[in-house]
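As structure tokens, the structure follows; a few thoughts come after it.
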Amino acid sequence: MQLLDIAKRENYMPTWRCHYALNLLLMEATNESFQINRFLDSSVPVHVLDVIEWIRTHYDQPLSVASIAEQFGYHPTYLTNIFKKYTGYPILTYVNRTRIAVAKNLLTNRTLSIYRIADMCGFSDEKYFMKLFKRYEGITPTQYRKAFHQKKINLT
């Protein structure tokens, strides 16, 4: 309800922008829910779900298979095997996909630099972030940002 209250403030944001922002938010929430339900509807063990949730809340920190395994008291090889068995992804791929998903949301904010977004998402190297973003999304972060804002402009 707070988003609607803010949107109704005079001169804050034209109605079409509010609808656009709300639609994006709903699409992201739906996608997030679908991803979570994909794991919940299957026979994924609780300890794997715990690792998934922990990664989603600690993506902005330096993460390695060893550090995640240590956090949960598992051997790195065991965690790697069980995680991939139930999610279909190696742990670091999942970490990077989570970080890229967050970065996509942050890229809609033009005031944040690519360097700052990379840092906020847990990447210590901006170039590595850009390389991974291009690998997963097929375009660079700058191209993504431009395409997002171009879409927004075309709605007027």
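The values are calculated or read from the model by the stated rules, or taken from the named source; none is laboratory data. The model shown is predicted, which means the values in this text are computed figures rather than measured ones. Don't worry about glycine lacking a Cβ; one is built from the backbone with ideal geometry, like all the others, and counts go over all protein chains shown.
Things worth noting here:
- Here Gly122 qualifies as at pLDDT 95 or above, at positive phi, under 15 Å from the mean Cα position of the chain (by Cα) and not charged (D, E, K, R).
- Candidate set from segment 102-147 (those that are exposed (fewer than 15 other Cβ atoms within 10 Å of the Cβ) and among the hydrophobic types (A, V, I, L, M, F, W, C)); member that is nearest to Thr57 (Cα to Cα): Ile139
- Filtered by the rule that a residue be closer than 20 Å to Tyr136 by Cα and surrounded by fewer than 17 Cβ atoms within 10 Å (Cβ to Cβ), segment 63-101 gives Ser64, Lys84, Gly88, Tyr89, Pro90, Leu92, Thr93, Arg97.
- All conditions but one from (1) part of a helix (DSSP H, G or I); (2) closer than 30 Å to Val48 by Cβ apply to Gln143; the one that does not is (2).
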